[in-house]
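> Below: one structure in structure tokens.
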Amino acid sequence: MSVLINRNLKLFFRDKSAVLFSLLAIFIIIALYAVFLGDVWLNDSMKGLKNADVLMNTWLVAGLLSVASVTTTMGAFGVMIDDKVRKIDKDFYSAPIKRSQITVGYIGSAFLIGVIMSVITVFASEIYIVLRGGEWIAPLALIKVLLLVIFTTMTNTSIVCFIVSFFSSQSAFSTASTIIGTLIGFLTGIYLPIGALPEWVQTVIKVFPVSHAASLFRQVLMEDAMQSAFAEIPTSYLNEFKEYMGVTFHFGGYTSSPWLSILILVFTAAVFYGLSILNMSKRRW
């Protein structure tokens, strides 16, 4: 199994176009923010806030990290699809190894790729924040972010794996990658803050695990910036800001806690890993 994981890692990182394509959604979000979205929010929503640009930069980075583990794991599973198209998987299945172990090999490599690319995104984003006038992340906050990278990548890998397990052609996989890459910005509330959307759309977004991943990243990365920006402003305005920007989720009169979001991620990962292994182990290509 470790041999298969190493093989998949080498194949993915050897294909530079696959690596770049897996980051395409991130590049699009950064471009939209730099050209259009950033100025709109700073002008309309952040007037009067101290260090509003730093606050929004950390908000953007939190969203990027939640997106990165989705798009990069999706790209990583391209190796599995390519094996199916070229009938290489049949060689694996004829070998004296369980189908479930082969499945775990694909999942394991996708998970590692997601973690590696997300960690790179973390440090690249920190450089961006510092260059834009922010400060380096505190050591404790960095540890929290790296742990969240592991949790969110674990969950997103399971979901993406289940989706990809139904595909056996490059065209279907490419179409799904494009759709997911487009929708992920809305599901994480990057293109539009969650509070700007209709109530029923907000409800739909709040049930998606990737949205809880974005919320957790925002709570960690934006903590210092929010304390600075709202230092002389009533707490009620801060709470409204958190809800509007998707830092916290409200269900009726209940505000979701970080532990609830983590439990949702872990539960989702367990369910979809089980479904993925079951589907891929029984499916005949």
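> Being over 28 Å from Arg14 (Cα atoms) and not in a loop (DSSP other than H, G, I, E, B) is the filter here, so list the residues in the stretch 105-144 that pass it. Lay out the reasoning, then the answer.
If we filter the stretch 105-144 for residues that are over 28 Å from Arg14 (Cα atoms), which is where we start, we get 129-144.
Scanning the stretch 105-144 gives Ile129, Val130, Leu131, Pro139, Leu140, Ala141, Leu142, Ile143, Lys144.
> Based on this model, can you work out whether Ser281 counts as farther than 16 Å from Ala214 by Cβ and among the hydroxyl-bearing types (Ser, Thr, Tyr)?
Numbers: farther than 16 Å from Ala214 by Cβ: yes; among the hydroxyl-bearing types (Ser, Thr, Tyr): yes.
Considered against the rule, which asks whether it is farther than 16 Å from Ala214 by Cβ and among the hydroxyl-bearing types (Ser, Thr, Tyr), Ser281 comes out as yes.
> Ok, one more. For residues that are closer than 13 Å to Met280 by Cβ and among the aliphatic types (A, V, I, L, M), scanning just the stretch 132-169, find the one that is surrounded by the fewest Cβ atoms within 10 Å (Cβ to Cβ).
Among those that are closer than 13 Å to Met280 by Cβ and among the aliphatic types (A, V, I, L, M), it is Ile163.
> Here's a follow-up. Take residues that are more than 16 Å from the chain's Cα centre (by Cα) and within 24 Å of Lys144 (Cβ to Cβ) and tell me which of the helices (runs of 4 or more DSSP H) falling wholly in the stretch 160-266 contain 3 or more.
223-229, 235-245
> Could you check, for the stretch 126-141, whether at least one of its residues is at positive phi and touching a residue at least 40 places away in the same chain (Cβ under 8 Å)?
To start, the set of residues in the stretch 126-141 that are at positive phi comprises 133.
Narrowing further to those that are touching a residue at least 40 places away in the same chain (Cβ under 8 Å): 133.
Among the residues of the stretch 126-141, at least one is at positive phi and touching a residue at least 40 places away in the same chain (Cβ under 8 Å), which makes the answer yes.
> So which residues in the stretch 259-285 are among the polar types (S, T, N, Q) and modelled with pLDDT of 85 or more? Show your work before the answer.
Keep residues of the stretch 259-285 that are among the polar types (S, T, N, Q), which gives 261, 268, 276, 279, 281.
Correct list: Ser261, Thr268, Ser276.
> Please list, ordered by first then second residue, the pairs with beta carbon atoms under 6 Å, 6 or more apart or interchain, first in the stretch 86-104 and assigned to a helix (DSSP H, G or I) and exposed (fewer than 15 other Cβ atoms within 10 Å of the Cβ), second modelled with pLDDT of 75 or more and hydrophobic (A, V, I, L, M, F, W, C).
Ser100/Ile277
The values are calculated or read from the model by the stated rules, or taken from the named source; none is laboratory data. These numbers come from a predicted model, not from an experiment. Cβ atoms come from the backbone with ideal geometry, glycine included; neighbour counts cover every protein chain shown.
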